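Chemist: This is the structure I have questions about; it appears just below.
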Amino acid sequence: MKFVCFAAAAAAVLFAAPAFAQPPAAGATPPPSGPNFPMTRAAAQQSVQQGFATRDANHDGFLTNDELGGAAAMVIGRLDSDHDGRVSLAEAMAKTLSDFDGADANHDGTVTQEEVTAMMSPPPPAATPPAATPTTPQPQGN
């Protein structure tokens, strides 16, 4: 796999899995149950913003181990680009949109289920080069 799908890594794992994280803040709208395709770049941005706001229980602008629950190590490892042990909205957005752009094979600003499936598929096996023809050493003249 080239990289983990942006939707699975960011939207589904980070934002749409309330079972392993703290409950949403009082009055917050719960995140969706998972990504829906086709998904536009704008919808991916909105999903990250909404999910981040839902998870950021203390509203400090960062997601920490406590706010991410059981998936914290995986999420922080994937999204924490400045390696400070927490995830900012900018970090979550940058990685998600980078993955989105990588999945958007035809660069139309929308990722379809087919594009995600193709991205997640293992690459075809490398072609085996033809075997070298053994050569018989030629005697060297003295």
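Chemist: Show me, for the stretch 107-116, the HN-Hα J-couplings you get by feeding each phi into the Karplus relation (A = 6.51, B = -1.76, C = 1.60, θ = phi - 60°), rounded to Hz, glycine and proline as x.
Modeler: Along the stretch 107-116, the couplings run 6, 9, x, 9, 9, 9, 4, 5, 5, 5 Hz.
Chemist: Work out how much length T64 to Q138 would gain on full extension: take 0.36 nm times their residue separation and subtract the Cα-Cα distance, in nm to one decimal.
Modeler: Separation in residues times 0.36 nm, less the Cα-Cα distance, equals 19.7 nm.
Chemist: Let me ask something else. So if we plug the beta-carbon distance of S98 and T128 into 1/(1 + (r/R0)^6) with R0 = 25 Å, what FRET efficiency do we get, rounded to 0.05?
Modeler: Details: r = 33 Å, r/R0 = 1.33.
Calculated transfer efficiency: 0.15.
Rule-based calculations on the coordinates, nothing more; no lab input. Because the structure is predicted, anything quoted here is derived from the model rather than measured. Reconstructed Cβ throughout: ideal geometry from the backbone, glycine too, with neighbour counts over all protein chains shown.
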